[in-house]
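Colleague: Before I ask anything, let me first share the structure, which is written out below as structure tokens.
Where a number appears in this text, it was derived from the coordinates with a stated rule and is not lab data. All figures in this text were calculated on a predicted structure; none of them were measured in a lab. Here the Cβ positions follow ideal geometry from the backbone for every residue, glycine too, while neighbour counts run over all protein chains shown.
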């Protein structure tokens, strides 16, 4: 348990010591929120879909959590390159605890960044429909973060250089984001497209946040919880197995 706590605190310290990282983490979400939120707003409203900022804000929050948690795998590559990972791996502790601590730390950082973006969304005009459900938003942000932090750890464990990680991220993370329905409604789509979207775990995270924040649903909260929980457990298992195979 102490190892998990140490790794969790280390991930938090790494984030809080870098003000540049905090500012940079807000750049892309702000671009989507402001450029698309206000740029596409009139078109979205004329289509009878209402306020686009209100619609896109939960998707932007989920995007922030996704990117932050997945790219925690880059930290694993840095640790391997500069020797910190070797010191950790040779310690007489189960590697599962090390991996789990890193995952929790990365997930906590992702939730913090998602909360910062949520505050910016409020400033931009976003409003929560039902405040009694609002605390559940942080629960689902944490679930999304744990899922993709474990995925990032699994990918980072299997790679040895930054170039390979970036290549996989471009072919994995960006498609997952754009197919999640974060920027557009996924109802009234073709059957083939809807099937593809339903295979994206982030789609269920975006849907859950929309239910909680703006009372707009496609899959339903029970299905969202089930899919996110199962996929999170699967990736934690895969991440643990891949992490235990690292040679230092």
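Colleague: Would you please calculate the Kirkwood hydrodynamic radius of segment 147-203 over all C-alpha pairs and express it in Å, rounded to one decimal? Intermediate values should be presented prior to the final figure.
Modeller: Values: mean 1/r = 0.0793 Å⁻¹.
Hydrodynamic radius (Kirkwood, Cα pairs) of segment 147-203 is 12.6 Å.
Colleague: Among 217, 68, 157, which comes first, then next, by fewest other beta-carbon atoms within 10 Å?
Modeller: 217, 157, 68
Colleague: If neighbour count is taken as other Cβ atoms inside 10 Å, put 176, 99, 40 in order from fewest to most.
Modeller: 40, 176, 99
Colleague: If neighbour count is taken as other Cβ atoms inside 10 Å, put 127, 102, 210, 80 in order from fewest to most.
Modeller: The fewest-first ordering by Cβ neighbours comes to 127, 80, 210, 102.
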